[in-house]
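I have placed the structure first, in the form of structure tokens, so that the comments after it can refer back to it.
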Amino acid sequence: MGVSLVCTGCGEQVDDEKALRCPGCDGPLELPEVVGSRPGPWVPGETLIERYKDFFPFANGRADLSLGEGFTPLVKLDGIGKRLGLSVLWGKNEGANPTWSFKDRGTLAGVIHALESGYSRIGTVSTGNMAASVAAYGAKAGLETVILVGRGLPREKLGPIAMYGARLIKVDGDYGRLYYESLRLAKDRNIAFINSDAPFRVAGSRTIAYEICEQLNFTVPDWVLIPVSAGGNFRGIARGFREFFLSGLIDKVPRLMAVQADGCSPVVRAFEEGSPKVDRFDSPHTVAHAIENPFPPSGNEVLRLVRENGWSCRAVSEDSILEACLGGLPGCLEGCRQRRPGRVGSVRSTSVDRERPQIHGGVRTARSDLGGKHTGKPRERFGPTVTRSARTEITPPSSPIVLLYLPFTYGRT
């Protein structure tokens, strides 16, 4: 592909597209910003990468590797919104993805990149969701797949990973320690690790923002709330909104809120204490296991994005998480222990409309060979009151919209 990466920490260009961290400052890497065209009308059978091909640098969208990820419903949460005193509240149901997680978006992008880069093995570090996703897509692509998990991972989380034939390796230590161990293995064993903040995984997460814009007819909500673990998904969603804004498809970038559990909230703590960097969170413990990451590899970048753009961070108590589960907010189950279908706090996948959301589009224009026009290093931040004249007609909402991004994983992590 010949794509250079950019360090989110020091802004330096890294010409090695296989790199996972900046060789200079150890900051997370990302693809250069892209300006693309408005997607056309949705075509039956169109894959996520095909729809947003202007924004990806792939020579081939590899529809044969897709498991039907993306195009997830945007659910209107009238009852909860009314109780909270909000004019409009939506939930992005990411549990409708093939392995019940938003991770499938980034996994597909990571697998395509691995194949185009000549890898025969892929891997990841995970507490559950990402492991199942990488194992599933690795099986689809016929790639040997290596999964690093903590030695204390509950047995109920092993089944959804092992069923795809992946090689499971139990390692001592928390997620942060496993992450850095995987960087060593990536070099020593020539494995493409598609970790939580790998550049192409983050690129896949941009599609969440793209879809939200399309589902709201190219208007944007006032706020988007995003659960934060490693931080890569937050970065991807933020970048997605910015790229649609730079492409003239929306007239502003919404404000984002990073949400963590009280029992493991390193980013929120740094934000509230005014610390310049995120420190390790000692003795983490929360029912939301999937976001129990005591030292997030993209934590500093999330902190920087929040501060420089006037966004916000919030920590949620364990009681509030459980109360939300019992009160009918399925998204709260992201990270909770597996529950048997039909019991209190569980949600079955059949309870949500799996149809494609309505996509509004225009005529696709020509794109460059590398997926659109690169704008250079992404050091210019979004700004809390960013506005511009869009090239497309934008109809503002009649009242403020608050959008809640919900993984909706139905209790499985």
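In this structure, is Leu67 surrounded by fewer than 20 Cβ atoms within 10 Å (Cβ to Cβ), of a type outside the set (Gly, Ala, Ser) and modelled with pLDDT of 95 or more? Criteria met by Leu67.
Scanning the range 1-50 for residues that are outside any loop (DSSP other than H, G, I, E, B) and free of Cβ contacts under 8 Å to residues at least 40 places away in the same chain, we see that the one that is farthest from Ala114 (Cα to Cα) is Cys7. No other residue among Gly152, Gly165, Gly128, Gly110 is out of contact with any Leu (no Cβ under 9 Å at 6 or more places or on another chain) and within 30 Å of Trp223 (Cβ to Cβ) apart from Gly110. Counting only helices (runs of 4 or more DSSP H) that sit completely within the range 129-206, zero hold 2 or more residues that are on the phi > 0 side of the Ramachandran plot, of a type in the set (Gly, Ala, Ser) and modelled with pLDDT under 95. Set side by side, the residues Lys76, Lys82 differ, and just one is more than 16 Å from Leu225 (Cβ to Cβ), surrounded by fewer than 21 Cβ atoms within 10 Å (Cβ to Cβ) and assigned by TED's automatic domain parsing to the domain that holds Leu216, which is Lys82. Of all residues in the range 95-138, those satisfying the criterion of being within 26 Å of Arg151 (Cα to Cα), out of contact with any strand residue (DSSP E or B) (no Cβ under 9 Å at 6 or more places or on another chain) and either of a type in the set (Ser, Thr, Tyr) or without any contact (Cβ under 8 Å) to a residue 24 or more places away in the chain (or both) are Thr99, Ser101.
The set of residues in the range 142-165 that are buried (at least 18 other Cβ atoms within 10 Å of the Cβ), under 20 Å from Asp64 (Cα atoms) and not polar (S, T, N, Q) comprises Leu143, Tyr164.
The residue that is farthest from Val268 (Cα to Cα), among those in the range 295-325 that are of a type in the set (D, E, K, R) and modelled with pLDDT of 95 or more, is Glu308. Evaluated against (1) under 22 Å from Ile321 (Cα atoms); (2) under 17 Å from the mean Cα position of the chain (by Cα); (3) not in a loop (DSSP other than H, G, I, E, B), Asn293 falls short on exactly one condition, (3). All conditions but one from (1) touching a Phe, Trp or Tyr at 6+ places or on another chain (Cβ under 8 Å); (2) under 22 Å from Ser205 (Cβ atoms); (3) of a type in the set (A, V, I, L, M, F, W, C) apply to Leu185; the one that does not is (2). Of the residues making up the range 1-32, those that are in contact with a helix residue (DSSP H, G or I) (Cβ under 6 Å, 6 or more places away or on another chain) and surrounded by fewer than 20 Cβ atoms within 10 Å (Cβ to Cβ) number 1. Looking at the structure I just gave you, is Phe218 surrounded by fewer than 24 Cβ atoms within 10 Å (Cβ to Cβ), in a helix (DSSP H, G or I) and more than 16 Å from the chain's Cα centre (by Cα)? No: the conditions fail for Phe218.
The values are calculated or read from the model by the stated rules, or taken from the named source; none is laboratory data. Note that the structure is a prediction, hence the values are computed from the model and not measured. Here Cβ is always computed from backbone atoms with ideal geometry, including for glycine, and neighbour counts include all displayed protein chains.
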